[in-house]
Structure formats: C-alpha cells, structure tokens
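The structure appears below as structure tokens.
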Amino acid sequence: MKAWSGGPTPALALKDLAAREHRLEDYRGKVVVISFWATWCEPCRDEMPSLNRLKAAMGDAVAVLAVDMGEPEARIATFVEKVPVDFPVLLDRDMTVSKAWKVKVLPTTIVVDPQGAARYVTIGGRDWASPDVQERLRRLLPSP
C-alpha cells in the first residue's frame, strides 16, 4: 500500500444493487476499504473472496465497499450470485465517482481512515486478508 497522494478525499455517494444509497460519511468511525473493480477484471474477481475474509476477520471496525465501474446491473448481480460477498456492491454507472477518485487501473483499492481521510492506495490485486494488511488497517483505528 502506498500513501494516498490524490489530494483531498473525494465524495462518495452511490446506490447498491438493492437501490440503497451509501455515502462515505455514513462510515465515519470505521476504516473503509473501497475497491474499484469490474466483473471482466480477473484480478478484481480474484480479490473479492479476500475482501470477504478481511471483513470477517476485522468485524465492525472495517467497512468494505466494492465500487463497480460502469457495468450493467444484471452482469454484477450474476457475479455476486456466483461469488457472494458480505459487503455492499455499489454502482458507478457513469464512472463519475471513479474519475473523482482518479481510478485509471483495476483493481484500485483505497483505504480511508475513521475520520474520513484517504490514507492508502493499492493498484492491482492483493490478499486483503493477510496478517500484514490487517495490522496496517488496525493501526488506523483509535486506541481503545
């Protein structure tokens, strides 16, 4: 993970597959892992189970949001039927949010701290459930 160098944290407000809106500010107090992905992207598909394992391992301290870039809803729904996820899959139909977050390569994943500031960015696939990743995310959490 590299330090975020994209300037101020952009806004994020998108609907999920059930048409519920999710806003970044709704997740204040948690570390938020935002994965920009698409079903046609093999490393993105491979990464989904590790994001699920991360969510299971870290519990409520971490929120995972998967932002699909511009694909038809039916294609995304078919994918999540085959590869179930325990986190919201958000629809960036016109890719406005992806552009605001300066996403050019998939997968791109951005980690936002509990205060809502983007802290890290990773381009390419990664095992999000690895102990070193979990430790790095824990360091962003407030001390008990």
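General observations
- Separation of the LYS104 and ALA13 label points, Cα + 7 Å toward Cβ, nm: 2.9 nm
- With both labels modelled 7 Å from their Cα along Cα-to-Cβ, the SER50 to MET1 distance reads 1.3 nm.
- Order of THR39, THR78 under a 10 Å beta carbon neighbour criterion, fewest first: THR78, THR39
- Only Lys, Arg (+1) and Asp, Glu (-1) charged, at Cβ; the chain dipole about Cα centre in debye: 380 debye
- Ranked list, fewest to most other Cβ atoms within 10 Å of each Cβ, for GLU25, GLU73: GLU25, GLU73
- Footprinting exposure proxy for SER5, SER50, SER143 (fewest neighbouring C-beta atoms within 10 Å first): SER143, SER5, SER50
- Computed E for ARG93/SER130 - FRET, C-beta separation, R0 30 angstrom, nearest 0.05: 0.40
- Amide H within-cut-off set for VAL67, under 5 Å, with H built and near neighbours excluded: SER35, PHE36, TRP37, LEU90
- Expressed in units of 2.2 N^0.38 Å, where N is the residue count, the Cα radius of gyration of region 1-78 is 1.16.
- Overall size of region 10-144 from C-alpha positions, given as principal axis extents largest first: 42, 27, 26 Å.
- Cα gyration tensor category, rounded, prolate or oblate, for region 22-62 with a/c compared to 1.5: oblate
- For LYS55, the lysines whose Cα comes closer than 18 Å to its Cα, not counting residues fewer than 8 places off in the same chain, are LYS30.
- Under 11 Å, Cβ to Cβ, from MET1 - net charge with Lys/Arg +1 and Asp/Glu -1: +3
- A dipole drawn for the chain from +1 and -1 charges on Cβ atoms has a positive end, and of ALA61, MET48, HIS22 the residue lying farthest that way is ALA61.
- Candidate cross-link partners of LYS104 among the lysines, defined by an alpha-carbon separation under 18 Å and a same-chain spacing of 8 or more, comprise LYS2.
Readers should treat all values here as calculations from the given coordinates under stated rules, not as data from a laboratory. All values reported here derive from a predicted model rather than from experimental measurement. A quick note on method: Cβ atoms are made from the backbone with ideal geometry, for glycine too, and the neighbour counts reach across all protein chains shown.
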